[in-house]
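Novice: Got a structure for you, questions after.
The values are calculated or read from the model by the stated rules, or taken from the named source; none is laboratory data. Note that the structure is predicted; figures quoted are calculated from it, not measured. As a convention, Cβ positions derive from the backbone with ideal geometry for all residues, glycine included, and neighbour counts pool all protein chains shown. Heavy atoms of the whole protein, side chains included, go into the accessibility calculation; ligands, DNA and RNA do not. Shrake-Rupley method; radii C 1.70, N 1.55, O 1.52, S 1.80 Å.
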Amino acid sequence: MQNGGLSKRYAKALMEAAAGAGSMKAVAEEIGMVSGLCSENSEFAECLSTPLVSVPAKKSVINELFGPRASALTVDFLCLLVEKKRFGLLPDIAVAFDELLRAIDGVALAHVASALPVDERDRGYLVQRLEKWLGLKVKLSVEHDPLLLS
């Protein structure tokens, strides 16, 4: 995160607005969807970030593309990012928003790299032990990397 502090401030403001509207999870999904689209299509992200395209044109694109698919709160937030010339922060804001949501839900992320395959029984055991140790729900991702034995 290059602008971590700024991204976190935007994410926190969006979280407060979403909490007031009772739509935190929906906004998280919508922001994630737009951020994913920008990751997959760098030309689209550049179009919304470049000063060569006017702010009204960018807002029009946002409203046309996301108006039918996202809440008014999300669309307004995306337009705000365009107005403030901060649309390039969207991926970092999405990550920070997810972190805030996980903190509210009491969920920790855990990543395990193992030289041997991890079956469902072992995975369940790891989750159980981590949850007991951390006192939080755990979302576990497992990576099988045989090169760890090298």
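Novice: Only one residue in SER54, SER60, SER49, SER42 is touching a residue at least 24 places away in the same chain (Cβ under 8 Å) and among the small types (Gly, Ala, Ser). Which one?
Specialist: SER49
Novice: May I ask you to say which residue of VAL82, VAL61 is more than 29 Å from LEU130 (Cβ to Cβ), assigned to a helix (DSSP H, G or I), of a type in the set (Val, Ile, Thr) and open to solvent by 20 Å² or more (accessible area, probe 1.4 Å)?
Specialist: Every option except VAL61 fails the conditions.
Novice: May I pose another question? Pick from SER71, SER39: which is in contact with a Ser or Thr (Cβ under 7 Å, 6 or more places away or on another chain), of a type outside the set (A, V, I, L, M, F, W, C) and on the phi < 0 side of the Ramachandran plot?
Specialist: When all the criteria are applied, what remains is SER71.
Novice: Another question, then. Touching a helix residue (DSSP H, G or I) at 6+ places or on another chain (Cβ under 7 Å), open to solvent by 60 Å² or more (accessible area, probe 1.4 Å) and not acidic (Asp, Glu): does that describe LYS137?
Specialist: When the stated conditions are applied, LYS137 passes them.
Novice: Give me a count of the residues in segment 1-16 that are part of a helix (DSSP H, G or I) and either touching an Asp or Glu at 6+ places or on another chain (Cβ under 9 Å) or open to solvent by 60 Å² or more (accessible area, probe 1.4 Å) (or both).
Specialist: 9
Novice: Shifting gears a bit: So which residues in segment 59-81 are touching a Leu at 6+ places or on another chain (Cβ under 6 Å) and within 17 Å of SER7 (Cα to Cα)?
Specialist: PHE77
Novice: Take LEU48 and tell me if it is open to solvent by less than 30 Å² (accessible area, probe 1.4 Å), assigned to a helix (DSSP H, G or I) and either over 20 Å from VAL107 (Cβ atoms) or acidic (Asp, Glu) (or both).
Specialist: When the stated conditions are applied, LEU48 passes them.
Novice: Could I ask something else about it? Under 8 Å between Cβ atoms, which residue pairs at least 6 apart in sequence (or on different chains) link something in segment 129-150 that is free of Cβ contacts under 8 Å to residues at least 12 places away in the same chain with a partner that is in a strand (DSSP E or B) and surrounded by 13 or more Cβ atoms within 10 Å (Cβ to Cβ)?
Specialist: From segment 129-150, the pairs are GLU131/LYS137; GLU131/VAL138.
Novice: Determine whether VAL75 is open to solvent by 20 Å² or more (accessible area, probe 1.4 Å), β-branched (Val, Ile, Thr) and over 12 Å from the mean Cα position of the chain (by Cα).
Specialist: no
Novice: Do you know which residues across segment 63-80 are touching a residue at least 60 places away in the same chain (Cβ under 8 Å) and farther than 17 Å from SER23 by Cβ?
Specialist: Passing the criteria: none in range.
Novice: Starting from segment 106-126, keep only residues that are in contact (Cβ under 8 Å) with a residue 12 or more places away in the chain and of a type in the set (Ser, Thr, Tyr), then list their pairs with residues that are open to solvent by 60 Å² or more (accessible area, probe 1.4 Å) and not in a helix (DSSP H, G or I) whose Cβ atoms are within a distance under 9 Å, requiring at least 6 positions of separation or different chains.
Specialist: Qualifying pairs under 9 Å: SER114/GLU143; SER114/HIS144.
Novice: Can you find a residue that is within 28 Å of MET24 (Cβ to Cβ), part of a loop (DSSP other than H, G, I, E, B), open to solvent by 30 Å² or more (accessible area, probe 1.4 Å) and of a type outside the set (Phe, Trp, Tyr) anywhere in segment 108-126?
Specialist: No, segment 108-126 contains no residue that is within 28 Å of MET24 (Cβ to Cβ), part of a loop (DSSP other than H, G, I, E, B), open to solvent by 30 Å² or more (accessible area, probe 1.4 Å) and of a type outside the set (Phe, Trp, Tyr).
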